[in-house]
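K.L.:
Below is the structure I would like to discuss, written out as C-alpha cells.
The values are calculated or read from the model by the stated rules, or taken from the named source; none is laboratory data. Since we're looking at a predicted model, the values are computed, not measured. Glycine gets a Cβ as well: all are built from the backbone with ideal geometry, and neighbour counts include every protein chain shown.
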Amino acid sequence: MAGTWGARATGQETGTPVFHAPYRAFASHEFGASASFLENSQTGFEGFYRLGVGPVDVGGRVGGLVRKNAGDVFLAGVDARVPVLFHESGSPLDGSVLTGVGMTVGSDVGWWIPLGLTFARRLNLEGSEVSFVPYLQPTGFLTTAGASAVDVGVGLGLGLDVRVTRAFEVRISGGIGTTFTPRGVAMTAAWLR
C-alpha cells in the first residue's frame, strides 16, 4: 500500500472517514460537500450527490486528498444503501447494508470495495424539525494499490447526523479501532430535496 496514501486512511469507497447512518434523510435526492481531516496532515475534500430509487439510495463522490509531504490524490466512488432492519417490526434499531466501489489515483491507482452494516435510531426533538441520528457502522473492505496484492480489513465508523431543517443536515463521522480504520474525522453539509 505504500504507493497510494496508506492503509490507515481507509473507510468508505473513497478511503475517507465519511460513514453513513442507516436512514435516507431526503425524499428524492441530496447533494453536498465533505471535508476529512486524517492523520499525517492529510485533508480530503469531496462533493457528493445521492438519489433515491425506491427504498434504496445510491450516491457518487468525487474529490481529492491533499497530503503535506507527498503528492495529492484524486478520489472517486459510488455506493448504495439498502435498508434491512426496521424498529417498527420489532428490532430495537434500524439498519442498512452499505456497499460500493471507489478509486484513488495518485502515484498509482488504488481500489476500495467496502461492505458494511450501519445501525441507529432517530431521536426527534419534540416540537422542532431538528433530529439526531447517532450511529455505528462496522465495515469490512478489500483494497488494492497498483499491482500489489489485495488487502482485507475491518473497521468501525461512528457518526452523528443532525437534521437542522427539512432541507439541511450536518454530519460528523470518524473511525476507531484497527489499522484498517480511518484515523480522522469527516464533516459533511448536505442539502436535502
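K.L.:
Among what's in segment 167-189 and is of a type in the set (G, A, S) and farther than 13 Å from A21 by Cα, pick the residue that is modelled with the lowest pLDDT.
P.N.:
G177
K.L.:
If I filter segment 23-50 down to residues being among the aliphatic types (A, V, I, L, M) and surrounded by fewer than 16 Cβ atoms within 10 Å (Cβ to Cβ), which single residue comes out as nearest to A167 (Cα to Cα)?
P.N.:
A27
K.L.:
Being surrounded by 18 or more Cβ atoms within 10 Å (Cβ to Cβ), touching a Leu at 6+ places or on another chain (Cβ under 8 Å) and either under 21 Å from E46 (Cα atoms) or of a type outside the set (V, I, T) (or both), is that true of even one residue in segment 124-135?
P.N.:
yes
K.L.:
Here's another thing I want to ask about it. Determine if segment 84-91 includes at least one residue that is surrounded by 20 or more Cβ atoms within 10 Å (Cβ to Cβ), touching a residue at least 40 places away in the same chain (Cβ under 8 Å) and not hydroxyl-bearing (S, T, Y).
P.N.:
No: segment 84-91 contains no residue that is surrounded by 20 or more Cβ atoms within 10 Å (Cβ to Cβ), touching a residue at least 40 places away in the same chain (Cβ under 8 Å) and not hydroxyl-bearing (S, T, Y).
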